[in-house]
Amino acid sequence: MRPRERRETGKQDLFRSRLDQIIDLNHPLVKLAKAIDWSFLERHFGEVYKDGPGHPPLPTRLMAGLAILKHSYDLSDEVLCERWVENPYYQYFCGEEFFQHRLVFDRSSMTHWRQRMGEERLKVLLQESLSVAAKTGALKPSELSRVIVDTTVQPKNVTFPTDAKLLNRAREKLVRLARQHGVSLRQSYARLGKIALIQHQRYAHAKQFKRARRVYRKLRTYLGRVMRDLDRKIEGNEALRTKCARLLSLARRVHEQQQRQRGPKVYSLHAPEVECIGKGKPHRPYEFGVKVSVATTLAHAKGGQFVAHVQALPGNPYDGHTLATVIPDMQAMLGNTLERIYADKGYRGHNAPPDHRFRVFIAGQKRRMTPAIKRQLRRRSAIEPVIGHLKAEHRMGRNYLWHRHGDAANAILAAAGYNFRRLIRWLSLLLCLMLAAFSTQLRLVST
């Protein structure tokens, strides 16, 4: 290092501020950072890394802390990066010793970290949130033995699909792909396709369905012509055919699928894993995403109602048929045996494991009901506001992560963010009670 550079670095070190000198050590985020067992997270998340050449991985506390903050406060990756630079409490929570005036990581590092961890390792965050809740007195371990189970839909970040929009979108993507690889198509139908889509939407809005069907057939014809033309142009070029295979396959599925066909359909070209799920809501008959199972504690603990388990369920299974996988996974994560599971009428005819077949109680059930179970079953609907908070405040209302592993990761991170947010409020309440007791004592001493 040159002498001038050394002098400048020394000046910067003089003006660097230690975080423990500029923050309030009684702040809830500081208390939460001290309560989390970061070495436990380090052991589980560090398993994916191997010693070797290349850039060393970012600290586990930094990446896990960013994931917790992101879903606790409902922030995008970009906004989180901006607030991390401005907020010393965020930096302390992520393990920084000195206040940083610029990012020490790249925004894309968060995406790579989520993909590398996967669903199984991200469950450790949810497990640690429950452990911290028990450690701080917000939750009793015995309260995790009785849970409420329900399913909801985690919508994907896709536009509302219609057959006409899908046909036109598939044609546009094929034309763009051909242009990128220098393939000259006979006709792109860019102008005619746009006009036909507008006409279809206007006819459907005016309930002129005969005319709308005629324009729909025209859009289908345009897509078929572009597909066949592209197939002819890339014939014999294996490298180009490999690059176009995925989009051509999706376009064929869109071209061939019928309105009332059975089996999986394509509802989005950039997210073909999206499923159409109907939950019987009058204001929203159909939602497009993935079904998610959510389990919460039955009792309202001191710190609130915590999420005990969450799991994405691709394939839109029947609610009652999800217990065979949900119950063993929940017990393995919690480390205890479930005494009672409460569910709504959608779980009738469930396939719970044999040991738990008579521990599942469904709303409206008549047999095996005692006064205590009847009283506890009235709290089954307490899971509904928890699901509402997960969707409105913790990024489960619209999933921006790609593919099925993105669906699973977003659901787990949303549940962990919800639990950590409850812990932050619990620690804030404890601080207020301590200050109130201290001020009362001072007042008594002064009098």
*State which residue pairs qualify: first residue farther than 15 Å from residue 149 by Cα and inside region 355-368, second residue not acidic (Asp, Glu) in any location, beta carbons under 6 Å apart, and separation of 6 or more residues or different chains.*
364/345
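Among 240, 223, which is assigned to a helix (DSSP H, G or I) and either over 38 Å from the mean Cα position of the chain (by Cα) or modelled with pLDDT of 95 or more (or both)? Walk me through it before giving the result.
Values: 240 fails: either over 38 Å from the mean Cα position of the chain (by Cα) or modelled with pLDDT of 95 or more (or both).
Only one candidate passes the filter, namely 223.
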*So which residues in region 153-202 are in contact (Cβ under 8 Å) with a residue 60 or more places away in the chain and of a type in the set (Phe, Trp, Tyr), if there are any at all?*
160
*Can you tell which of 315, 349, 320, 364 is in contact with a helix residue (DSSP H, G or I) (Cβ under 8 Å, 6 or more places away or on another chain) and modelled with pLDDT of 90 or more?*
320
*If you go through region 38-51 one residue at a time, do you hit one that is within 23 Å of residue 422 (Cβ to Cβ), surrounded by fewer than 19 Cβ atoms within 10 Å (Cβ to Cβ) and not β-branched (Val, Ile, Thr)?*
yes
*Among (1) under 29 Å from residue 273 (Cα atoms); (2) assigned to a loop (DSSP other than H, G, I, E, B); (3) touching a residue at least 60 places away in the same chain (Cβ under 8 Å) - the single one residue 350 does not satisfy*: (3)
*Counting only residues that are free of Cβ contacts under 8 Å to residues at least 12 places away in the same chain and basic (Lys, Arg), which one in region 214-223 is most open to solvent (accessible area, probe 1.4 Å)?*
217
*Since residue 158 meets every condition but one in (1) in a loop (DSSP other than H, G, I, E, B); (2) buried (at least 23 other Cβ atoms within 10 Å of the Cβ), which condition does it not meet?*
(2)
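Here are 233, 265: which of them is crowded, with 17+ Cβ neighbours inside 10 Å and without any contact (Cβ under 8 Å) to a residue 40 or more places away in the chain? First the steps, then the outcome.
On the way: 233 fails: without any contact (Cβ under 8 Å) to a residue 40 or more places away in the chain.
After ruling out the rest, the residue left standing is 265.
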*Among 324, 239, 332, which is the only one that is over 30 Å from residue 130 (Cβ atoms) and among the small types (Gly, Ala, Ser)?*
239
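Please work out if residue 270 is within 24 Å of residue 403 (Cα to Cα), in contact (Cβ under 8 Å) with a residue 24 or more places away in the chain, surrounded by fewer than 16 Cβ atoms within 10 Å (Cβ to Cβ) and under 36 Å from the mean Cα position of the chain (by Cα).
On the way: within 24 Å of residue 403 (Cα to Cα): yes; in contact (Cβ under 8 Å) with a residue 24 or more places away in the chain: yes; surrounded by fewer than 16 Cβ atoms within 10 Å (Cβ to Cβ): yes; under 36 Å from the mean Cα position of the chain (by Cα): yes.
Considered against the rule, which asks whether it is within 24 Å of residue 403 (Cα to Cα), in contact (Cβ under 8 Å) with a residue 24 or more places away in the chain, surrounded by fewer than 16 Cβ atoms within 10 Å (Cβ to Cβ) and under 36 Å from the mean Cα position of the chain (by Cα), residue 270 comes out as yes.
Take the conditions assigned to a helix (DSSP H, G or I) and within 30 Å of residue 391 (Cβ to Cβ) and apply them to residue 202. Does it pass?
Values: assigned to a helix (DSSP H, G or I): yes; within 30 Å of residue 391 (Cβ to Cβ): no.
When the stated conditions are applied, residue 202 does not pass them.
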*Can you tell me which residue among 211, 228, 253 is charged (D, E, K, R), surrounded by 11 or more Cβ atoms within 10 Å (Cβ to Cβ), touching a helix residue (DSSP H, G or I) at 6+ places or on another chain (Cβ under 6 Å) and more than 30 Å from residue 381 (Cα to Cα)?*
211
_Regarding region 295-316, can at least one residue be identified that is out of contact with any strand residue (DSSP E or B) (no Cβ under 6 Å at 6 or more places or on another chain), outside any loop (DSSP other than H, G, I, E, B) and loosely packed, with under 14 Cβ neighbours inside 10 Å?_
no
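Could you grab me the full set of residues in region 99-108 that are assigned to a helix (DSSP H, G or I) and open to solvent by less than 60 Å² (accessible area, probe 1.4 Å)? It would help to see each step written out before you state the result.
Of the residues in region 99-108, the ones assigned to a helix (DSSP H, G or I) are 107-108.
Once the filter is applied, which keeps residues that are assigned to a helix (DSSP H, G or I) and open to solvent by less than 60 Å² (accessible area, probe 1.4 Å), region 99-108 yields only 108.
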*Any idea which of (1) assigned to a helix (DSSP H, G or I); (2) on the phi > 0 side of the Ramachandran plot; (3) not acidic (Asp, Glu) is the one residue 137 doesn't satisfy?*
(1)
*region 74-98, residues that are within 15 Å of the chain's Cα centre (by Cα) and either open to solvent by less than 50 Å² (accessible area, probe 1.4 Å) or modelled with pLDDT of 95 or more (or both)*: 75, 76, 77
*Quickly run through region 247-274 and pick out the residues that are part of a helix (DSSP H, G or I) and charged (D, E, K, R).*
252, 253, 256
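Take the residues in region 140-155 that are of a type in the set (S, T, N, Q) and open to solvent by less than 50 Å² (accessible area, probe 1.4 Å), then tell me which one is farthest from residue 280 (Cα to Cα).
The first filter runs over region 140-155 and keeps only residues of a type in the set (S, T, N, Q), leaving 142, 145, 151-152, 154.
Subsequent filtering for residues that are open to solvent by less than 50 Å² (accessible area, probe 1.4 Å) retains 145, 151-152, 154.
Values: 145: 30, 151: 13, 152: 11, 154: 15 Å.
If we take residues in region 140-155 being of a type in the set (S, T, N, Q) and open to solvent by less than 50 Å² (accessible area, probe 1.4 Å), then 145 is farthest from residue 280 (Cα to Cα).
The values are calculated or read from the model by the stated rules, or taken from the named source; none is laboratory data. This structure is a prediction, so every number in the text was calculated from the model and none was measured. Positions of Cβ are generated from backbone atoms using ideal geometry, with glycine treated the same way; all protein chains shown enter the neighbour counts. Ligands, DNA and RNA are stripped out before the accessible areas are found, and what is left, the full protein with its side chains, is counted by its heavy atoms. Shrake-Rupley method; radii C 1.70, N 1.55, O 1.52, S 1.80 Å.
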